[in-house]
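Q: What follows is a structure written as structure tokens; I'll ask about it next.
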Amino acid sequence: QVQLVESGGGLVQPGGSLNLSCAASGLPFSSFAMGWFRQAPRKEREFVAAVSGHGRHTPYADSVKGRFTISRDNVKNTVYLQMNSLKLEDTAVYYCASRTGAYSVLPLAYEYWGQGTQVTVSS
């Protein structure tokens with residue numbers, strides 16, 4: 001049984017930082033691409049970042065490029081999202097997801113999802 005468990009969300013002021021983690025179990029982790037998505041109230045779920053199975057490819061949404069960094073540890077079966085210079089518009093529920101094979105920027109391409117962690121950027 002595949003499980004993805006996110007952690008690390010919270011309340012932060014604009015300009016602050018958070019580091020999200022997603023611990024995976026029940027899958028051959030290095031064979032799966034991992035993605036981070038987010039969904040704000042009354043908005044569709046959107047792509048944030050992804051990482052290929054061995055970590056060599058890391059695409060980002062334009063809105064987070066230069067501020068967020070995705071990484072993975074295939075020994076700990078964990079993917080991370082380091083978020084710096086946070087803005088009000090980064091407020092959302094953040095989800096990690098996994099899919100067999102190559103990464104994708106499309107939510108529908110992902111097979112497994114975590115339950116999400118809330119990130120609130122507010123002064």
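The values are calculated or read from the model by the stated rules, or taken from the named source; none is laboratory data. Keep in mind the model is a prediction, meaning the values are calculated, not measured. Virtual Cβ from ideal backbone geometry, glycine too; neighbours counted across all protein chains shown. Please note that ligands, DNA and RNA were not included when accessible areas were found on the heavy atoms of the full protein model with its side chains. Shrake-Rupley method; radii C 1.70, N 1.55, O 1.52, S 1.80 Å.
Q: How many residues does the stretch 69-100 contain that are open to solvent by less than 40 Å² (accessible area, probe 1.4 Å) and either among the small types (G, A, S) or touching a Cys at 6+ places or on another chain (Cβ under 7 Å) (or both)?
A: Total satisfying the criteria: 6.
Q: Only one of these is in a strand (DSSP E or B), without any contact (Cβ under 8 Å) to a residue 40 or more places away in the chain and closer than 21 Å to G101 by Cβ: A49, A33. Name it.
A: Sole residue among the options that is in a strand (DSSP E or B), without any contact (Cβ under 8 Å) to a residue 40 or more places away in the chain and closer than 21 Å to G101 by Cβ: A49.
Q: Looking at the stretch 101-123 only, could you name the residues that are surrounded by 14 or more Cβ atoms within 10 Å (Cβ to Cβ) and not in a strand (DSSP E or B)?
A: Hits for the stretch 101-123 are Y103, S104, V105, P107, A109, Y110, G114, G116.
Q: For the condition modelled with pLDDT under 95 and either in a loop (DSSP other than H, G, I, E, B) or open to solvent by 20 Å² or more (accessible area, probe 1.4 Å) (or both), what is the one hit in G66, G16, G55?
A: Answer to the selection: G55.
Q: Say whether the condition of being closer than 18 Å to V5 by Cβ and assigned to a loop (DSSP other than H, G, I, E, B) is met by at least one residue in the stretch 76-83.
A: Checked the stretch 76-83: at least one residue is closer than 18 Å to V5 by Cβ and assigned to a loop (DSSP other than H, G, I, E, B).
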